[in-house]
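Engineer: Take a look at this one; I'll ask things after.
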Amino acid sequence: MLTRRLIACLDVKGGRVVKGVRFESLRDVGDPVELAVRYEHQGADEIVFLDISATLEERETLLEVARRTAERLFIPLTIGGGIRGADEVARALRAGADKVSINTAAVERPEVLSESAARFGSQCVVASIDARRENGGWRVHTHGGKEPTDLEAVAWARECVRRGAGEILLTSIDRDGGRSGYDLDLTRAVAEAVDVPVIASGGAGTAEHMSEALRRGGADAVLVAGILHDGMTTVTALKRRLAEAGIPMRLA
C-alpha cells in the first residue's frame, strides 16, 4: 500500500503565518520559515505556503519567504496564491518551490493548467479547489473563498486533471478551521472521479479525522494547519497515531 502524506499548511500574509475560520477572522501565528522547519523536523512530508491576499506586493513577499525556506527545507514545498500564468509558475519554481498551487486563475482561464503542465510537467501543477456545500453538491469558490462560481467541484476537478493538473488540493470551506473533521463526502466524490492524488483540506482536528479522510474519503494526503500552529499536537504525534491505526506513514 502506498505511503500516505501529512502536509503542513501555512497561510501567509505580509510575510507572517495567519490562521482563521472559514477563511475569515485571521490571526498571526508565527514566522513561516521557522514554522516550516519545525514541522519538517517533526516529520511533515511536505509544506504548503498559500499567499492568501495575493496582491503583487504579497506575491513578491511570498517568493522571498519561499527562497529563505527552500534554503533550509529538504521536503517538497508547494506555494500558491495569486498565480496568474505559466511565467509566474516559473518564478515560483525558481524561488525554490517544487510545486505550484493554482486556484482562481485556473477558473478564469483553464489554459493556465495545460500551459504550465506542458512547460514544467504535471507533477509541478496542483489544482487548488475551494468548495462549499450547496443544493446536494459543492460549488467552487474563488478569491480566497469569497466569490461563488458556476462550477461544480467534482466536474471541475475532472476538468483540471484533463488539462494537466497532477494533484488536487481540495478544501471544504464549510469545514475550514472548525476542527470537526474533513468533508468526507466531498473528498470521496472527488477522489473517485480523478486518477491523480487528492489532498483533503479543511477541518482537521484529530488524528482520527485524518484517518477517516485517508480511508473513507479516499484521500492520498491530509492537510493540517491550526491544530499544529496552536500547539495542540505535533506532526510526530499525529503520524504515530495514524501508523498505529494501520495507515502507512513515513515516520521520522
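The values are calculated or read from the model by the stated rules, or taken from the named source; none is laboratory data. Note that the structure is a prediction, hence the values are computed from the model and not measured. Positions of Cβ are generated from backbone atoms using ideal geometry, with glycine treated the same way; all protein chains shown enter the neighbour counts.
Engineer: Please report, ordered by residue number, the helices (runs of 4 or more DSSP H) entirely within segment 47-137 with at least 2 residues that are under 16 Å from ARG163 (Cα atoms) and among the acidic types (Asp, Glu).
Structural biologist: 111-120
Engineer: Specify which of the listed residues (ILE129, ILE83, ILE75) is free of Cβ contacts under 8 Å to residues at least 60 places away in the same chain, surrounded by 24 or more Cβ atoms within 10 Å (Cβ to Cβ) and within 25 Å of ARG5 (Cβ to Cβ).
Structural biologist: Details: ILE129 fails: free of Cβ contacts under 8 Å to residues at least 60 places away in the same chain; ILE75 fails: surrounded by 24 or more Cβ atoms within 10 Å (Cβ to Cβ).
ILE83 is the lone residue from the list that is free of Cβ contacts under 8 Å to residues at least 60 places away in the same chain, surrounded by 24 or more Cβ atoms within 10 Å (Cβ to Cβ) and within 25 Å of ARG5 (Cβ to Cβ).
Engineer: Shifting gears a bit: Give the residues of segment 194-207 that are on the phi < 0 side of the Ramachandran plot and either crowded, with 24+ Cβ neighbours inside 10 Å or assigned to a loop (DSSP other than H, G, I, E, B) (or both), sorted by residue number.
Structural biologist: Result: VAL194, ASP195, VAL196, PRO197, VAL198, ILE199, ALA200, SER201, ALA204, GLY205, THR206.
Engineer: Look at segment 138-160 and say how many of its residues are on the phi < 0 side of the Ramachandran plot and part of a loop (DSSP other than H, G, I, E, B). Explain how you work it out, then say what you get.
Structural biologist: Taking segment 138-160 first, the residues on the phi < 0 side of the Ramachandran plot are 138-142, 146-160.
Filter once more, so that each one left must be part of a loop (DSSP other than H, G, I, E, B): 146.
Residues meeting the conditions: 1.
Engineer: Would you check if there is a residue in segment 208-231 being crowded, with 21+ Cβ neighbours inside 10 Å, out of contact with any Cys (no Cβ under 6 Å at 6 or more places or on another chain) and part of a loop (DSSP other than H, G, I, E, B)?
Structural biologist: For segment 208-231, residues crowded, with 21+ Cβ neighbours inside 10 Å, out of contact with any Cys (no Cβ under 6 Å at 6 or more places or on another chain) and part of a loop (DSSP other than H, G, I, E, B): present.
Engineer: Next question. Exactly one condition in (1) of a type in the set (A, V, I, L, M); (2) in contact (Cβ under 8 Å) with a residue 12 or more places away in the chain; (3) closer than 24 Å to ARG38 by Cβ; (4) not in a loop (DSSP other than H, G, I, E, B) is not met by ALA191; state its number.
Structural biologist: (3)
Engineer: Something else now. Just to verify a result, which residue in segment 167-188, among those that are touching a residue at least 60 places away in the same chain (Cβ under 8 Å) and within 13 Å of the chain's Cα centre (by Cα), is nearest to LEU113 (Cα to Cα)?
Structural biologist: Applying the filter and picking the extreme gives GLU167.
Engineer: I need the full set of residues from segment 136-150 which are surrounded by 19 or more Cβ atoms within 10 Å (Cβ to Cβ) and under 14 Å from ALA189 (Cβ atoms), in order please.
Structural biologist: The answer is TRP138, VAL140.
Engineer: Further question: What number of residues within segment 106-126 satisfy the criterion of being more than 16 Å from GLU159 (Cβ to Cβ) and either at pLDDT below 95 or buried (at least 16 other Cβ atoms within 10 Å of the Cβ) (or both)?
Structural biologist: The number of residues fulfilling the criteria is 2.
Engineer: In this structure, is PHE120 within 23 Å of ARG175 (Cα to Cα) and of a type in the set (Phe, Trp, Tyr)?
Structural biologist: Taking the combined requirement at face value, the residue does not satisfy it.
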